Amino acid sequence: MSWPESVADRRMLVFLAITGVVVSGYVVYAVRTAWGKAAAKRERRRPKPTAPVYAGAVPHAYLVALGVGAIRAAEHAEPVDQVDYTRMRECGARETVPRTLRALLGGGAEEPGAEAALVEAVLRQRTAVGPALWMQALAEFATFRGLPYGERQQLLTLAMDIGRAEDRLRMSGLLGPAEIVPSLLACQWADGVHLVRCAMRADWLARPQGLEYLARAGELTAKWYPTWSTVVSAQLLPALLSDDAEELAWRLPVARHLLDDGPSPLRVPLPTTRSSCRRTTR
């Protein structure tokens, strides 16, 4: 095709070429966006795996972090015993990752989120005084705060619900006879470990920074929890308290696998960094 001689024709040709490039780019972008949304939708609808996946990795410095994040890794069919996720997956919005990680594993790591605050407060009362004086301490706490009768009863009922949930975990063989759940914080640390591994896989988080977060998760877990069974039970407690039968039908057998399978990180004893204000036994 010959180049037009008139200026107007040449301008029109350039305009059409630019328009074609812009439209093509938009089509490519739209296709990629639609493909990504479809892939995320398929991922959400995919049945959860019935057993954890293992890579046979040798235990290493981030073993405790992998242990606290094992249920989340199992949920996405990722090897629970290696740092690197094998597939790209949805991690949320990239710009929110730094702020979320600071809340989950940074300065706010030992403070519960709003949805877990009440349960965490009840658990910490038991940690402070021991199981024998737990109900009395809650009653005194309610009186000191001037809580209305309804809220006071709600607090005591929640404590009884926690006790019943722990009894169910004992009957299921997931919690030892003398063990109690010291905190729900393992739930948010598990979310943090999952986000770190997602973000590193997507190159949204520098690997050295990601490994620092994993080391932090390991230190926190060893500080707050005496055994792996209490770590796992903490992550099962919310579903038990809300009576989420569907979630429990998946989590309970996966938790048993993680505690019993030979390659599981949870087979390596949890390091003990004893703290008298964090550990309570019957």
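A few remarks follow.
- Only listed residue being more than 17 Å from the chain's Cα centre (by Cα) and either modelled with pLDDT of 95 or more or in a loop (DSSP other than H, G, I, E, B) (or both), chosen from S229, S233, S276: S276
- Among the residues of the range 161-180, just one is over 23 Å from L118 (Cβ atoms) and surrounded by 20 or more Cβ atoms within 10 Å (Cβ to Cβ), namely L174.
- E110 falls short on exactly one of the conditions (1) crowded, with 16+ Cβ neighbours inside 10 Å; (2) touching a helix residue (DSSP H, G or I) at 6+ places or on another chain (Cβ under 7 Å); (3) among the charged types (D, E, K, R), and that condition is (1).
- Cβ pairs under 6 Å, 6+ apart, first in the range 242-263 and in the same structural domain as A77 (by TED's automatic domain parsing) and assigned to a helix (DSSP H, G or I), second surrounded by 13 or more Cβ atoms within 10 Å (Cβ to Cβ) and among the small types (G, A, S): E247/A239; L248/A239; V254/A74; H257/A51; L258/A70; L258/S264
- Cβ-Cβ distances below 6 Å connect the following pairs, each with a first residue in the range 118-134 that is over 15 Å from W224 (Cα atoms), a second residue that is small (G, A, S), and a separation of six or more residues or different chains: V122/A159; V129/A137.
- Enumeration of residues in the range 171-187 that are in contact (Cβ under 8 Å) with a residue 40 or more places away in the chain and assigned to a helix (DSSP H, G or I): L185, A186, C187
- A single member of A234, A186, A217 is in the same structural domain as G92 (by TED's automatic domain parsing), buried (at least 21 other Cβ atoms within 10 Å of the Cβ), in contact with a helix residue (DSSP H, G or I) (Cβ under 8 Å, 6 or more places away or on another chain) and closer than 20 Å to A51 by Cα, and it is A234.
- Within the range 63-105, being of a type in the set (D, E) and outside any loop (DSSP other than H, G, I, E, B) holds for E75, E95.
- Of everything in the range 109-155 that is among the small types (G, A, S), within 15 Å of the chain's Cα centre (by Cα) and not in a helix (DSSP H, G or I), the residue that is modelled with the lowest pLDDT is G113.
- When L118, L66, L123 are screened for being farther than 28 Å from P271 by Cβ and assigned by TED's automatic domain parsing to the domain that holds A190, only L118 passes.
- Residues in the range 231-276 that are in contact with a Leu (Cβ under 7 Å, 6 or more places away or on another chain) and among the hydroxyl-bearing types (S, T, Y): 2 in all.
- Flag for G192 being under 18 Å from the mean Cα position of the chain (by Cα), modelled with pLDDT of 95 or more and of a type in the set (G, A, S): yes
The values are calculated or read from the model by the stated rules, or taken from the named source; none is laboratory data. Since we're looking at a predicted model, the values are computed, not measured. So basically every Cβ, Gly included, is an ideal-geometry build from the backbone, and we count neighbours across all protein chains shown.
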